[in-house]
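Here's the structure we're looking at; comments come further down.
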Amino acid sequence: MTEIGSVDEVPVIDVRALVDASSGAAARRAVAERLGAACRESGFFYVVGHGVDEALQTRLEALSRRFFALPVEEKMAIRMALGGLAWRGYFPVGGELTSGRPDRKEGLYLGTELGPDHPLVRAGTPLHGPNLFPSEPSGLREAVLEYLAALTRLGHSLMSGIALSLGLEEDYFAAGVMADPLVLFRIFNYPPGPGTAGDGQPAWGVGEHTDYGVLTILKQDEAGGLQVKSRLGGEVRWVDAPPIPGSFVCNIGDMLDRMTRGVYRSTPHRVLNRSGRDRLSLPFFFDPGWTAEVRSIDAPALRGVTTAEDSSERWDRQSVHAFRGTYGDYLLGKVGKVFPDLRSEVLSKSES
Ligand SMILES: O=C(O)CCC(=O)C(=O)O
Ligand SMILES: [Fe+2]
């Protein structure tokens with residue numbers, strides 16, 4: 001397999017063999033080994049050879065830019081408050097908090113399109129339901145749904161490699177916690193702006209955090225600004241994960257960290273848009289099913305590993321390893337912190 005190179009500590013991995021169902025076992029295992037190494041070292045990696053149609057990506061990016069260019073009143077026609085329990089819609093700059101501070105970004109919250117008759121929607125399950133698509137620009141709905149289908153396929157392919165890297169059957173996740181994945185998707189626009197906030201701190205597009213689920217697949221534009229907290233060699237430092245044409249940046253989330261007892265790391269990251277223009281990014285979150293029980297995995301590659309407890313070093317000082325329950329329980333505990341205005345509405349409805 002060709003080595004494409006790496007950007008600081010974030011390797012670039014050609015995943016063609018995992019995506020192509022006709023590839024041989026040895027080629028798949030070779031990719032899996034590289035994924036496993038990246039998950040242990042930085043928890044971040046780029047993927048190329050992923051097979052996601054470039055024309056679809058270009059179309060989605062152009063439509064997203066047209067949406068964000070609309071006057072804010074028009075965008076607010078699909079504000080998140082109207083999405084209710086499904087947690088979908090638009091939020092304006094400053095509407096989301098990470099690490100307790102408002103982020104310098106606006107965004108559109110999306111996810112798997114579920115109609116009112118879907119059993120989870122009927123049961124009033126938070127974060128499940130129909131999307132709130134804008135009326136303008138037309139075509140955004142179709143592009144989003146096509147992209148979600150393509151990225152869901154890619155998510156399963158990458159998870160088959162991650163399963164192999166742990167010495168598990170390829171379908172371990174697809175037949176288990178990812179059988180009915182919770183797919184959340186966001187389109188963010190980070191406006192250009194002051195490098196610092198009023199208190200002299202950097203005006204973060206997104207503050208330091210880890211992602212909650214299993215795997216995040218991020219498409220970012222040319223502006224750059226994503227930073228990853230590297231701990232390679234025992235030294236903590238922030239490294240850039242700049243855009244690489246044709247690639248996605250992937251990182252693993254808290255649930256894979258939890259399942260692997262801290263061997264595969266959900267690594268903190270943050271965004272600062274220093275480009276002087278808008279920065280568009282599209283993170284796709286591939287998460288365990290809402291009712292999936294997340295526990296540590298008995299994998300050959302993890303035998304004899306004791307849990308690496310890192311809560312004292314974590315951005316939120318919380319232990320993912322102490323967590324017991326379903327992914328839905330975990331996520332509900334988190335979302336209220338990032339959208340305090342919506343918290344009471346969602347939590348009170350889901351309890352009733
Ligand atoms: O926009 C980005 O580049 C990253 C966003 C992110 O980290 C997140 O939404 O969890
Ligand atoms: Fe993130």
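The values are calculated or read from the model by the stated rules, or taken from the named source; none is laboratory data. Treat the numbers as computed from the prediction; the structure is a model and nothing was measured. Cβ placement follows ideal geometry from the backbone for every residue including glycine, while neighbour counts extend to all protein chains displayed.
Being within 12 Å of ligand 2 (Cβ to nearest atom) and among the β-branched types (Val, Ile, Thr) is the filter here, so list the residues in the stretch 253-298 that pass it.
THR267, VAL271
Checking GLY129 against (1) in a helix (DSSP H, G or I); (2) of a type outside the set (Asp, Glu); (3) crowded, with 19+ Cβ neighbours inside 10 Å, only one condition comes out false. Which one?
Condition (1) is where GLY129 drops out.
So the check is Cβ under 8 Å with 6+ separation or different chains; which pairs have a first residue in the stretch 275-286 that's within 17 Å of ALA149 (Cβ to Cβ) and a second one that's more than 14 Å from ligand 2 (Cβ to nearest atom) and polar (S, T, N, Q)?
Hits for this filter: LEU282/SER64; PHE286/THR152.
Across the stretch 161-206, what is the total count of residues that are within 16 Å of ligand 1 (Cβ to nearest atom) and farther than 16 Å from ASN251 by Cα?
The total comes to 12.
Do any strands (runs of 3 or more DSSP E) lying entirely in the stretch 1-117 carry at least 2 residues that are at pLDDT 95 or above, of a type in the set (A, V, I, L, M, F, W, C) and closer than 20 Å to LEU218 by Cα, and which ones are they?
10-14, 44-48, 106-111
Would you point out which residue out of THR267, THR291, THR260 is more than 12 Å from ligand 1 (Cβ to nearest atom), touching a Gly at 6+ places or on another chain (Cβ under 8 Å) and among the polar types (S, T, N, Q)?
THR291
Looking only at the stretch 163-196, which residues are in contact (Cβ under 8 Å) with a residue 60 or more places away in the chain, charged (D, E, K, R), part of a loop (DSSP other than H, G, I, E, B) and surrounded by 14 or more Cβ atoms within 10 Å (Cβ to Cβ)?
Listed by number, the list holds a single entry, GLU170.
Against the conditions (1) more than 15 Å from the chain's Cα centre (by Cα); (2) within 16 Å of ligand 2 (Cβ to nearest atom), where does LEU232 fall short? Just the number, please.
(2)
For the stretch 216-251, what are the residues that are aromatic (Phe, Trp, Tyr) and crowded, with 23+ Cβ neighbours inside 10 Å?
PHE248
Name the pairs whose Cβ atoms lie under 7 Å apart, with the first residue in the stretch 57-83 and under 19 Å from PHE248 (Cα atoms), the second surrounded by 15 or more Cβ atoms within 10 Å (Cβ to Cβ) and hydroxyl-bearing (Ser, Thr, Tyr), and 6 or more positions between them or separate chains?
Qualifying pairs under 7 Å: LEU60/TYR147.
Which of the numbered conditions does LEU158 fail, given that it passes all the others? Conditions: (1) assigned to a loop (DSSP other than H, G, I, E, B); (2) surrounded by 22 or more Cβ atoms within 10 Å (Cβ to Cβ); (3) of a type outside the set (Asp, Glu).
The single condition LEU158 does not satisfy is (1).
Looking at the stretch 252-261, which of the residues that are of a type outside the set (A, V, I, L, M) and closer than 15 Å to ARG324 by Cα is surrounded by the fewest Cβ atoms within 10 Å (Cβ to Cβ)?
ARG261
GLY213 - would you say it is at pLDDT below 95, buried (at least 19 other Cβ atoms within 10 Å of the Cβ), within 13 Å of ligand 1 (Cβ to nearest atom) and within 30 Å of PHE173 (Cβ to Cβ)?
Taking the combined requirement at face value, the residue does not satisfy it.
Would you point out which residue out of LEU110, LEU82 is hydrophobic (A, V, I, L, M, F, W, C) and farther than 20 Å from PHE285 by Cα?
Result of the check over LEU110, LEU82: LEU82.
Which of the strands (runs of 3 or more DSSP E) contained wholly in the stretch 210-296 include at least 3 residues that are under 27 Å from ARG59 (Cα atoms) and in contact with a Pro (Cβ under 6 Å, 6 or more places away or on another chain)?
Of the strands (runs of 3 or more DSSP E) lying wholly inside the stretch 210-296, those with at least 3 residues that are under 27 Å from ARG59 (Cα atoms) and in contact with a Pro (Cβ under 6 Å, 6 or more places away or on another chain) span 215-220.
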